[in-house]
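S.K.: Structure in structure tokens, see below.
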Amino acid sequence: MSKQKRVLLLNAGHTEIPIIEELKKMGCYIITSGTRKDMPGHKLADTYIFCDYSNKEEILEVAKKEDIDGIVSCAYDTAYVTSAYVAEQLNLPGHDSYKNACLLHQKDLFKNLCEDLKIPNPRSTPFLSEEQAISYAKEVQYPIIVKAVDQASGIGIMRADDFKEAVTAIRGAFDKSKEKRIVIEPYIVGHQESFVAFVVDKKVKVCTACNCYSPINPYLIQTETMPSKNFLNLKESLITITERLFEQLNLVDGLITLQYIVKDGQPYIIEMMRRCLGNRFLFPVSYVTGFNWYKAMTMAELGMDCAFLPIEGKKSAYAGHHAIMATQNGIYRGTEIPDEIMSHVVEYDKLMQEGDVVKNYLSERIGYLYYVYETENEMEQAVRNFNSKIKITME
């Protein structure tokens, strides 16, 4: 009898549950980590170990003690970097080198790479100290955007329209950065989209793109619809950028996402990640592509061959997700969703129960809707009104 594969998964939240489900189908022994004991995925795992996934040395010790055969990251940049470090130290397959993981997931290093490879992007200026950044902010042309180099989900990101706002943004970014590094770049006005691809042997196997909307928190995507309105026009150039990255860095097979701003028909790359996407983003992506992204991503991070995975018929021409969010803090008392919305919903995930407290409405999600539509126009018209038509009761 073959040995049961022991896999360490670096988080166990709502986003990671599909990964746990795929690991179970593979018959793996699942070990989850993280510092939040209340994460729902821990109950589905075989073992939970209290450990900070951003601490690569601590996770390495856990991996050695548990004698793991594979490691799978989660929906955070720091976790992907940790998984690459552990994989490199233990000679585990399925991950880029630690150097490349840092290069791709730390914003200052990635922007330097974009410059080297002539990938269009807002030119960033990196800083190692608040004093240097504040001095630079006295001379810069506004508006600007300030970012911690190692955070996601809008954490440590702020637009500044003048020097006073810049000082606040700079101090906030340094406070949120674990690496204590930030970048400042020009704020580009345009349409935000994300391009997601699965790559095998350095060639894009399947891909799509989505429109990104952030009506409540401008630095946190709340709603995504796919395919994006610019996908067909930009598809070839985005594939070229992706395959150039894989070729130049000798990246392993798997998932990649490029976030970009479309201005004057040109995609300006603002972020890149190889990790699992938050919000169960890959669920609607599977609907519009006919590809099992969670299975493929999980297999890839375990170093398994993904070349044979089929691309089947699309379940829907248009799909997306929407995060239900409050517009104030307080005690959550319930959500009412009209039938005109629910008739298009294929999955409704409730993350909060009545009586739970919303402490930071700008980042906390009450639930998620995953929906399908027959036409692009119908979908885009509908999602513009989700926030006004979905009634959230707060005290």
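S.K.: Do you know which residues across the range 22-38 are crowded, with 16+ Cβ neighbours inside 10 Å and more than 18 Å from Thr298 (Cβ to Cβ)?
M.R.: Residues satisfying the conditions do not exist here.
S.K.: Looking at the range 177-202, which of its residues are of a type outside the set (A, V, I, L, M, F, W, C) and either farther than 29 Å from Asp264 by Cβ or buried (at least 22 other Cβ atoms within 10 Å of the Cβ) (or both)? Before you say what the answer is, go through the steps one by one.
M.R.: Pass one, the range 177-202, residues of a type outside the set (A, V, I, L, M, F, W, C): 177-181, 185-187, 190-194, 201-202.
Within the range 177-202, Ser177, Lys178, Glu179, Lys180, Arg181, Glu193, Ser194, Asp201, Lys202 qualify.
S.K.: Sticking with this structure for a sec: State the number of residues belonging to the range 39-55 that are farther than 20 Å from Glu21 by Cα and crowded, with 20+ Cβ neighbours inside 10 Å.
M.R.: Total meeting the criteria: 1.
S.K.: If you don't mind, another one. Failed condition for Asp67, given (1) more than 13 Å from Ser83 (Cα to Cα); (2) surrounded by 18 or more Cβ atoms within 10 Å (Cβ to Cβ); (3) out of contact with any Ser or Thr (no Cβ under 8 Å at 6 or more places or on another chain), with all others met?
M.R.: (2)
S.K.: So, one more: Looking at Leu238, Leu255, Leu277, which one is of a type in the set (A, V, I, L, M) and within 29 Å of Thr327 (Cα to Cα)?
M.R.: Leu277
S.K.: For the range 291-395, which fully contained helices (runs of 4 or more DSSP H) count at least 3 residues that are closer than 30 Å to Ala197 by Cα?
M.R.: Of the helices (runs of 4 or more DSSP H) lying wholly inside the range 291-395, those with at least 3 residues that are closer than 30 Å to Ala197 by Cα span 293-301, 376-383.
S.K.: Would you check which residues across the range 76-99 are within 22 Å of Val200 (Cβ to Cβ), in contact with a helix residue (DSSP H, G or I) (Cβ under 6 Å, 6 or more places away or on another chain) and either touching a residue at least 40 places away in the same chain (Cβ under 8 Å) or hydrophobic (A, V, I, L, M, F, W, C) (or both) and list them?
M.R.: Within the range 76-99, Tyr80, Ala84, Gly94, His95, Asp96 qualify.
S.K.: Please report, ordered by residue number, the strands (runs of 3 or more DSSP E) entirely within the range 117-228 with at least 1 residues that are out of contact with any strand residue (DSSP E or B) (no Cβ under 8 Å at 6 or more places or on another chain), among the charged types (D, E, K, R) and under 28 Å from Ile239 (Cβ atoms).
M.R.: 203-213
S.K.: Give the residues of the range 320-339 that are among the aliphatic types (A, V, I, L, M) and farther than 19 Å from Ser214 by Cβ, sorted by residue number. Talk me through it step by step, then tell me what you get.
M.R.: First pass over the range 320-339, keeping only residues among the aliphatic types (A, V, I, L, M): 323-326, 331, 337.
Matches in the range 320-339: Ile331, Ile337.
S.K.: Please find, within the range 316-357, the residue that is surrounded by the most Cβ atoms within 10 Å (Cβ to Cβ) out of those that are in contact (Cβ under 8 Å) with a residue 60 or more places away in the chain, among the hydroxyl-bearing types (Ser, Thr, Tyr) and within 27 Å of Leu282 (Cα to Cα).
M.R.: Here the residue is Tyr318.
S.K.: Based on this model, can you work out whether Lys37 counts as charged (D, E, K, R) and closer than 20 Å to Val252 by Cα?
M.R.: Numbers: charged (D, E, K, R): yes; closer than 20 Å to Val252 by Cα: no.
In short, no.
S.K.: So, in the range 1-30, of the ones that are touching a strand residue (DSSP E or B) at 6+ places or on another chain (Cβ under 8 Å) and in a helix (DSSP H, G or I), which residue ends up modelled with the lowest pLDDT?
M.R.: Among those residues, the one meeting the criterion is His14.
S.K.: Can you report the number of residues in the range 358-381 which are within 22 Å of Tyr219 (Cα to Cα) and either surrounded by 12 or more Cβ atoms within 10 Å (Cβ to Cβ) or not assigned by TED's automatic domain parsing to the domain that holds Ile324 (or both)?
M.R.: Result for the range 358-381: 12.
S.K.: Out of the residues in the range 72-113 that are buried (at least 24 other Cβ atoms within 10 Å of the Cβ) and over 18 Å from the mean Cα position of the chain (by Cα), state the one that is farthest from Met297 (Cα to Cα).
M.R.: This residue is Val86.
S.K.: Right, something else. Give me the residue from the range 358-380 that is free of Cβ contacts under 8 Å to residues at least 40 places away in the same chain and within 25 Å of the chain's Cα centre (by Cα) and, out of that set, nearest to Ala317 (Cα to Cα).
M.R.: Glu364
S.K.: Is it fair to say Ile71 is in contact with a strand residue (DSSP E or B) (Cβ under 8 Å, 6 or more places away or on another chain) and at pLDDT below 90?
M.R.: Against the criterion (in contact with a strand residue (DSSP E or B) (Cβ under 8 Å, 6 or more places away or on another chain) and at pLDDT below 90), Ile71 does not qualify.
The values are calculated or read from the model by the stated rules, or taken from the named source; none is laboratory data. Keep in mind that what you see is a predicted model, and the values were worked out from it rather than measured. Please note: Cβ atoms are built from the backbone with ideal geometry, for glycine as well, and neighbour counts cover all protein chains shown.
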